[in-house]
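The values are calculated or read from the model by the stated rules, or taken from the named source; none is laboratory data. The model shown is predicted, which means the values in this text are computed figures rather than measured ones. All Cβ positions, glycine included, derive from the backbone under ideal geometry; neighbour counts span all protein chains shown. For accessibility, only protein heavy atoms count, side chains too; no ligands or nucleic acids. Shrake-Rupley method; radii C 1.70, N 1.55, O 1.52, S 1.80 Å.
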Amino acid sequence: MALIEDFEERYLLGVPAMDRNHREFVDLVNDMAASGNAVFAYLFNEMVQHTHAHFAAEEMLMRETGFSAAAEHRDEHRRVLGEMEWFGDRLQLGYVSMARAYVVERLPAWFKEHAVTMDSALAAYVRRQHRA
Ligand SMILES: [Fe+2]
Ligand SMILES: [Fe+2]
């Protein structure tokens, strides 16, 4: 069963670069949940790289548009990357079940919350800027 239901309407934010990153993230998380340990470790590493690029792209959008809540949003990105990398290090040390628990129990809830709050606010702001 997918951890994050098929990319739902409510996660679509109307900014194509953000939507593409989010869809790829959801696919990675769902694929990890369905993978054996070797593939899981490979995909976890992919997810860390992908998340670096995903967050960097949003932070560039914030800089380019002068988004006012950029500092909190960036701090949240730093926090999540730190957490992801911490679990990635545990995974390298062989603690697969810890990393799996993180992916199953924490990442889906984090994504759902972040997409509909901070990312949604950024996307609404970017869309308004484009119309102006
Ligand atoms: Fe995002
Ligand atoms: Fe974000």
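Pop the C-beta distance of Lys112 and Ala38 into the FRET formula with R0 = 35 Å and round what comes out to the nearest 0.05.
Plugging the Cβ-Cβ distance into 1/(1 + (r/R0)^6) gives 0.80.
Accessible area of the chain with a 1.4 Å probe: how many percent of it is carbon plus sulfur?
53 percent
Report the charge-dipole magnitude of the stretch 38-131 in Debye, nearest 20, computed about the Cα centre from +1 at each Lys and Arg Cβ and -1 at each Asp and Glu Cβ.
240 debye
Which angle between 0 and 90 degrees, to the nearest 10, do you get for helix 70-92 versus the longest principal axis of the chain when only C-alpha atoms count?
For 70-92 against the chain, the angle is about 10 degrees.
Return one whole number: the accessible area per residue of the chain in Å², for a 1.4 Å probe.
Normalised by residue count, the accessible surface of the chain is 54 Å².
How far is helix 120-131 tilted, in degrees, relative to the longest principal axis of the Cα atoms in the chain, given as a value from 0 to 90 rounded to the nearest 10?
40 degrees
So what's the chain giving for Rg/Rh, alpha carbon basis, Kirkwood Rh from the mean inverse pair distance?
0.99
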